[in-house]
Amino acid sequence: MTAVYVETREIPISDLTRFPGNAKRGSVEDIRASIRRSGQYRSLVVRLCDDGALVVLAGNHTMDALAAEGYETARCEINTCDEQTARRINLADNRLAELGEYDNDDLAVLLSYMDGDYEGTGYTEDDVEKLITPPDLDGLDEPDEDVEKPSLADRFLIPPFDVLDSRSGWWRTRKKQWLSLGIRSEVGRGDGLAFSDLSMIDPNYYRKKSEVEQTLGRGLTHSEFEAEHYVPMETSLRSGTSVFDPVLCELAYRWFCPSGGTVVDPFAGGSVRGLVAGILGRPYLGNDLRPEQIESNREQRDEFVQRRLLAADPVWTIGDSADWVTVLEPESADMVLTCPPYYSLEQYSSNPADLSTMTHADFDAAYARIIAGAARALRNDRYAVIVVGDARDSKGALHDLRGATIRAAAAAGLTYASGAVLVTLAGSAAVMAGNVFTATRGLGRVHQDVLVFCKGSRSAAAQACGDVSTHLPEDIEGAFAEVDETADDAA
Ligand SMILES: C[S@@+](CC[C@H](N)C(=O)[O-])C[C@H]1O[C@@H](n2cnc3c(N)ncnc32)[C@H](O)[C@@H]1O
């Protein structure tokens, strides 16, 4: 016989009977803490016996904790069943929770949301410390009190949480250090163009102009707009392509690509992903539609080769990646790292194969084909990292590139493994935010999405990546140290 549900109701605790012979000895103190913080979030399971007795099959210690916390009644789910079923339920309720196991990564992430306030969860600070500390520190069985435990930052450069803050002091210093090597990812389009032709240099020129016109409710001449309203791009952005963050590159390679593993990038854009890969010893194959961009990337690579900064030389090719991905060797790459156009937010060229010139539907279809091809080129048990942001169309509607990426990746057989928000400097968003918000209630965009996918098994992919190395080649470390000493605004 199975149990038959009767009803759920509040019952005076004094009317309840403990299950005779309950073998479990629960921690009433911990349950009391949970009740204090979260209340009674689950009913006791009670058997209504033939003689009218109400016997607690599941939740005997919760009943004790409720009584100790001053509750006079407990919410109970009442069932009828025979004696043998009652015993089976009591045994199962105590035992079944013990039989599962934990994904410690997911547990650590969940606990991190508690911001150190673990009361009522059953966890203590010590438990959390143990969870995030490697079990076999320096190979010693007994932890030596004198050995300082490595912090998350020591082990992974920064704690591997799902908010990556590029405004932090550490990040800004690291970015300066990378850029001090002479990475000029912004070069490739518009370089050498007369700065007076702003619309040629700033890909957002027309969007900015129409936003100001909308706010003012009237049209503007170019000279009026440029003289009174134009917010210049950062120098590093005056090229027609937004610049991918070298620190994000570094983290992506160190965290998600095996040492010496090959990276493929179907929307290569500027040089940064290739150069950082080369410095960190990962062979890189990047493809982009724009010849001028790739030529400029190759020039930078040649300069880096001459300066002996590269442990692996990045290779860039020119063409439509919808074709390029079909000639990539299947299962040959150890990582995909890429950053597609954010719909038509920035238009990179007038080439009809350029995704940034396409309608949203055509973009999604071409994008899905390219992601599928890149996924085919990826070995099993490896990661793909795709950095995206939502973009507005000319009517002001926001388009969900994050969702489109997750759908394209799923169709390509990639599992959405984790995602982080990359918090970016407000920059020109800070200048425009007031007007844009007043006019449309649009919120200033100060983040991008870093989406991590896995082909195969997450744990096998993590194993393939091995321990995260924070090591830098000697020359690079020397150059970084010089910037470290001069960094003033990074604190
Ligand atoms: C977001 S950008 C990459 C910019 C990147 N954030 C950087 O660091 O320079 C996207 C790139 O995709 C390229 N692209 C667009 N459609 C393409 C296609 N069908 N095949 C190859 N590249 C394409 C554009 O030329 C552009 O350089």
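Quick note: the coordinates plus some simple rules give every number you see, no bench work behind them. On a predicted model such as this, the values are computed, not experimentally measured, just so you know. Note that each Cβ is placed from the backbone with ideal geometry, even for glycine, and that neighbours are counted across all protein chains shown.
Per-residue ellipticity at 222 nm, computed for the chain from helices alone with -39500 (n - 2.57) per DSSP H run of at least four residues, works out to -12000 deg cm²/dmol. Averaging the Cα positions of each part gives two centres, and for the stretch 1-65 and the stretch 315-358 these lie 60 Å apart.
Rounded to the nearest 10 degrees, the angle from helix 401-411 to the longest Cα principal axis of the chain is 70 degrees.
Sequence-ordered 3J(HN,Hα) estimates for the stretch 355-364 from the Karplus curve with 6.51, -1.76 and 1.60 and θ = phi - 60° stand at 4, 6, 9, 8, 5, 4, 5, 5, 4, 4 Hz, glycine and proline given as x. With R₀ fixed at 25 Å, the C-beta to C-beta distance from Q214 to R167 puts the FRET efficiency at about 0.30.
With respect to the chain, whose longest principal axis is taken over its alpha-carbon atoms, helix 205-216 is tilted by about 70°.
Helix 474-486 and the longest principal axis of the C-alpha atoms of the chain enclose an angle of approximately 90°. According to the square roots a ≥ b ≥ c of the eigenvalues of the Cα gyration tensor, what is the shape class of the stretch 4-99, taking rounded for a/c under 1.5, prolate for a/b larger than b/c otherwise, and oblate for the remainder? It comes out oblate by the Cα gyration axes. Taking the Cβ of T338 as the center, what net charge do the other residues with Cβ under 9 Å away carry, scoring Lys and Arg +1 and Asp and Glu -1? So the environment of T338 carries a net charge of 0. The amide H of R392, built 1.01 Å from its N in the peptide plane, has H399 as neighbours under 5 Å, considering only residues 5 or more places off or on other chains. Taking each residue as 0.36 nm, the span from E224 to A460 lengthens on full extension beyond its C-alpha to C-alpha distance by 79.1 nm. I need to check one value: relative contact order of the chain, counting alpha carbon pairs closer than 8 Å and at least 6 residues apart, in percent. In percent, rounded to a whole number, it is 13. For E69, nonlocal amide neighbours, meaning residues 5 or more places apart or on other chains whose placed amide H falls under 5 Å from its own, do not occur.
Sparse packing (at most 13 other Cβ atoms within 10 Å of the Cβ) combined with a DSSP loop state is found for the following GluC sites (Glu not before Pro) in the stretch 276-337: E331. Close amide-amide hydrogen proximity is noted between V6 and I78, N79, T80, each under 5 Å apart and 5 or more residues distant or on a separate chain (H modeled in the peptide plane; Pro and chain starts excluded). Summing Lys and Arg as +1 and Asp and Glu as -1 over all other residues whose Cβ lies under 14 Å from the Cβ of G373 gives a net charge of -2.
For K209, a cut-off of 21 angstrom between C-alpha atoms picks up these lysines, skipping any fewer than 8 places away in its own chain: K395. Each residue of the stretch 258-273 was assigned a 3J(HN,Hα) from its phi angle through the Karplus curve 6.51 cos²θ - 1.76 cosθ + 1.60 (θ = phi - 60°); the sequence is x, 4, x, x, 8, 10, 10, 9, x, 10, 5, x, x, 7, 4, 5 Hz, with glycine and proline shown as x. Karplus-derived 3J(HN,Hα) values for the stretch 323-338, using 6.51 cos²θ - 1.76 cosθ + 1.60 with θ = phi - 60°, are 7, 4, 5, 6, 9, 5, 4, x, 6, 10, 9, 9, 6, 10, 10, 8 Hz; glycine and proline are entered as x.
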